[in-house]
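Just below is one structure, and these are the notes that go with it.
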């Protein structure tokens, strides 16, 4: 099997690049690199997820599972400075880039650390968990993200997911409905679905 952006230690040669993107009506500066997801620009699904996200009604921290170089979590952390946002990924290069991008954009209400799914996540009562799951890692891995999110979420917390219809939105909706007892489609754009499931 070839190397993917969900590899722990990318072997592909480093080739950093910098660019800017507008997310949630703010301009952010990002450094990206080979061996991470969507290195050339923020992908449409991630942007739609970041811009659709709404603050949950309950207090507590946020978590992004599979943060990559950080565009979703950092843009949300910037908008909600009173919330602590945990950012986890298995990819060491992505985590280093997330730290760089947090510094570049002067965002401090974050914790960035390694975790495969939620294995090493440092809290059990998140108000919101956000993910653009690694579809290429396979359905078992993607569904394990959802299971882990349910375990790590406070009662009344929300899971926010972006997934394309062709990448399995219907099966994800079925799975979340069984797991949470509910799932809503809160946005659709260019084949991407933003799904929200609430833990009751």
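Of note:
- Options 188, 139, 177; residue that is exposed (fewer than 15 other Cβ atoms within 10 Å of the Cβ) and closer than 29 Å to residue 26 by Cα: 188
- Complete set of residues in region 146-200 that are part of a loop (DSSP other than H, G, I, E, B) and at negative phi: 152, 182, 183, 199, 200
- Among the candidates 101, 109, 124, 105, residue that is farther than 22 Å from residue 55 by Cα and touching a helix residue (DSSP H, G or I) at 6+ places or on another chain (Cβ under 9 Å): 101
- Some residue of region 99-115 being touching a strand residue (DSSP E or B) at 6+ places or on another chain (Cβ under 7 Å), more than 18 Å from residue 149 (Cβ to Cβ) and without any contact (Cβ under 8 Å) to a residue 24 or more places away in the chain: yes
- Filter result (within 19 Å of residue 71 (Cβ to Cβ) and either surrounded by fewer than 21 Cβ atoms within 10 Å (Cβ to Cβ) or at pLDDT below 95 (or both)) within region 115-131: 115
- Any chance residue 53 is closer than 22 Å to residue 191 by Cα, surrounded by 14 or more Cβ atoms within 10 Å (Cβ to Cβ) and modelled with pLDDT under 95: no
- In this structure, residue 79 does satisfy being free of Cβ contacts under 8 Å to residues at least 60 places away in the same chain, surrounded by fewer than 16 Cβ atoms within 10 Å (Cβ to Cβ) and under 19 Å from residue 187 (Cβ atoms).
- Every condition in (1) free of Cβ contacts under 8 Å to residues at least 24 places away in the same chain; (2) touching a helix residue (DSSP H, G or I) at 6+ places or on another chain (Cβ under 8 Å) holds for residue 129 except the one numbered (1).
The values are calculated or read from the model by the stated rules, or taken from the named source; none is laboratory data. No experiment lies behind these values; they were computed from the predicted model shown. For neighbour counting, all protein chains shown are included, and Cβ atoms are generated from backbone atoms with ideal geometry for every residue, glycine included.
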